[in-house]
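Chemist: After the structure tokens below, expect a handful of questions from me.
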Amino acid sequence: MAKKITIKESIKGKSLFAAQEIAKGEIIFAFERHFTGTRTKTSMQIGENLHQESTDPDSAENFINHSCGPNAFVEFSDLTLRALQTILPDEEITLNYCTTEWVSAAPFQCKCGSKNCIGYFSGFSFLSKEQQKKLEPLVSPFIKKKLAKN
């Protein structure tokens, strides 16, 4: 089977791209499942003080860029990255970081170009109630628990 993904240079630096067509719902890859208490720029928040962080700096999971209009999402039940829609060859694979981060370790000015661009990414907790509601189906169980408390 041909490799589905590739890491290559883009205007954003190294980025994750589809090497072949990836069907909607298809697993792109599984996250490493290395858990730590430290939040970093490349970690993914799983719990209040629990983060998934790859031990391999060249791992694909370290090169998924943010988009407010992503084409991939994290399936938290098995910690896989899946296609939110069909992803064509040479298309960048993106994830909305707001679905995984309550408060970001590395906020940034978003320049994704999506019609739904939030402008500045700092985490799910900083979104408006309307923005949160739109993302709710894709957010982590941790974020769902935080929402239930509010």
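Chemist: Looking at segment 1-48, which of its residues are over 21 Å from residue 98 (Cα atoms) and in contact with an Asp or Glu (Cβ under 6 Å, 6 or more places away or on another chain)?
Modeler: 18
Chemist: I'd like the residue in segment 108-126 that is surrounded by 14 or more Cβ atoms within 10 Å (Cβ to Cβ) and free of Cβ contacts under 8 Å to residues at least 24 places away in the same chain and, out of all such residues, is nearest to the chain's Cα centre (by Cα).
Modeler: Looking at residues that are surrounded by 14 or more Cβ atoms within 10 Å (Cβ to Cβ) and free of Cβ contacts under 8 Å to residues at least 24 places away in the same chain, I get 122.
Chemist: Test residue 36 against the criterion of being of a type in the set (Ser, Thr, Tyr), on the phi < 0 side of the Ramachandran plot and over 14 Å from the mean Cα position of the chain (by Cα), and give yes or no.
Modeler: On the way: of a type in the set (Ser, Thr, Tyr): yes; on the phi < 0 side of the Ramachandran plot: yes; over 14 Å from the mean Cα position of the chain (by Cα): yes.
The answer is yes for residue 36.
Chemist: Looking at residue 140, is it touching a residue at least 24 places away in the same chain (Cβ under 8 Å) and in contact with a Cys (Cβ under 7 Å, 6 or more places away or on another chain)? Walk me through it before giving the result.
Modeler: Working: touching a residue at least 24 places away in the same chain (Cβ under 8 Å): yes; in contact with a Cys (Cβ under 7 Å, 6 or more places away or on another chain): no.
It is false that residue 140 is touching a residue at least 24 places away in the same chain (Cβ under 8 Å) and in contact with a Cys (Cβ under 7 Å, 6 or more places away or on another chain).
Read-outs throughout are calculated quantities, based only on the coordinates presented, and are distinct from any laboratory measurement. Model, not experiment: these values are computed from the prediction. Using ideal geometry, Cβ is built from the backbone for each residue, glycine included, and neighbour counts are taken over all protein chains shown.
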